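Asks: Please see the structure below; I have some questions.
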Amino acid sequence: MQQIINFIIRNKTFLLFLLLFFVSLFFTFQSHSYHKSKFINSANFLTGGVYESFNNISGYFGLKKENKILLEENNRLKSILINAKTGEFKDVYIDSSILNKNYKYTAAQVSKNSYSLTNNYLTINKGEKDSIKEELGVITSKGIIGIIDKTSKNYSRVRSILNSNIGINAQLKKTNHFGILSWNGKSPYIVQLTDLPKQAPVVVGDTITTGGFSTIFPKGIPIGTVASFKTDETENYFEIDVALFNDMTNVGHVYIIENLDATQISNLNNLDE
Amino acid sequence: MNNTISTNIVRFILLVLVQVLVLNHINFLGYINPYLYILFIILFPIKNNRMLFIFLAFLLGLTIDLFTDSGGIHATASVTIAYIRPIVLKFSFGAVYEHQTIKFSNTDIGQRLTYFLIMILIHHLLLFSLEIFNSSKIILILKKTLFSSIFTLILCLLTTILFSRKTK
């Protein structure tokens, strides 16, 4: 017993080093698996607060671009609205109480964004206080951004589509052939669509949108266009490089989508198990 | 003594803020970022309580990890270079270190360069190996390590020259 204590006292520096080394390795490996990175994240009050107050200042430099994006979106929505009123749908009465029936939108501001790492995350300034939950989709007016993966009271962390652990159901816009969207960690402008059946009529320039199979995103949210494609090793599926509509290096305002029927759908899906 | 403690506290906070708010967004040529925060570990007083030093290095790395959502990669790399620092010091400064009297501002520029370079290379190699964590991408790991190390080294030297109190 005496010898053990002596050993510990003699090697206390080395033992402390080993302890801290393995604690940090534990955190690292936890962050590699999908649902477990719970302790170390930027959605807490300290890091969220620092990022938000810094963003309050640096946000001014991007205002011109932000305004342009908002104006474009307004323009698009206005033209849909005005054409709907005068065109063939003019007699259709829109009941505004049904608008929030399936999907609920919440606007948020990105306070931290990264795109040069292998696993990228964003931090946004809406949290549990604004009834944001995990596993909600995040989009901009141009296309998808990612999925909420951790929330705190005032902030949430978003798993960006530029993350090697992401897997989103996506499909060709013109047909219903679907595949899985992932990222190989190289360019922040290109993501990969895999497992798309070889029968699908893919042409360079085709639009890729979200598929309707996930409960996170509604069907038809734009993602990007086909930049190049080839068959994978098994020769049965396509591997497609998708050029994103969104510039992931410059994200300002985002929308969070909540599918109000998500629990019903996942309950149905879980019936077999 | 009090002065040293307050200097190091201010240095800790300043380096973390500069790292997460400015340097992490440089992305030179798409992926090259300097990691200046390890200057805290490099310049920590040599006469110290080693357990406290290793713990502070862990805390520093973990703070950076909190901000960048990177799990524990910065903490691992920082703890490691904090632990092996005496060996690197002995290697680069030789017998002078044994007397524990050196001050970084008085040392020979060549010796200081070796010391900085070894510390930065080990830190970055460990950091990027853990970040990418894929043996088939070893070229990418080495490339990132090399370029980021050069960037960090230049920035570290500039910072130490700019902020050294003694003007000769």
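The values are calculated or read from the model by the stated rules, or taken from the named source; none is laboratory data. Worth saying up front: this structure is predicted, and the values here are computed from it rather than measured. Cβ sites come from the backbone with ideal geometry, for glycine too, and all protein chains shown count toward neighbours.
Asks: Would you tally the residues in the range A:42-63 being surrounded by 18 or more Cβ atoms within 10 Å (Cβ to Cβ) and either within 19 Å of B:Leu23 (Cα to Cα) or free of Cβ contacts under 8 Å to residues at least 24 places away in the same chain (or both)?
Replies: 7
Asks: Moving on to the next point. If you take the residues of the range B:21-56 that are at the interface with another protein chain (Cβ under 8 Å from one of its Cβ atoms) and in contact with a Leu (Cβ under 9 Å, 6 or more places away or on another chain), which of them is farthest from A:Thr13 (Cα to Cα)?
Replies: Only one residue fits best here, namely B:Tyr31.
Asks: Here's a follow-up. Where residues in the range B:57-72 are at pLDDT 90 or above and buried (at least 20 other Cβ atoms within 10 Å of the Cβ), which of them is nearest to the other protein chains (Cβ to nearest Cβ)?
Replies: Selected residue: B:Phe58.
Asks: Working carefully through the options B:Ile41, B:Ile46, B:Ile84, find the one that is over 20 Å from A:Ser111 (Cβ atoms), assigned to a loop (DSSP other than H, G, I, E, B), of a type outside the set (Ser, Thr, Tyr) and under 15 Å from the mean Cα position of the chain (by Cα).
Replies: Matching residue, one of B:Ile41, B:Ile46, B:Ile84: B:Ile46.
Asks: Say whether the condition of being among the acidic types (Asp, Glu) and at positive phi is met by at least one residue in the range A:112-134.
Replies: no
Asks: Checking the condition in contact (Cβ under 8 Å) with a residue 60 or more places away in the chain and assigned to a loop (DSSP other than H, G, I, E, B), which residue from A:Asn184, A:Asn165 passes?
Replies: Being in contact (Cβ under 8 Å) with a residue 60 or more places away in the chain and assigned to a loop (DSSP other than H, G, I, E, B) holds for just one of A:Asn184, A:Asn165, which is A:Asn165.
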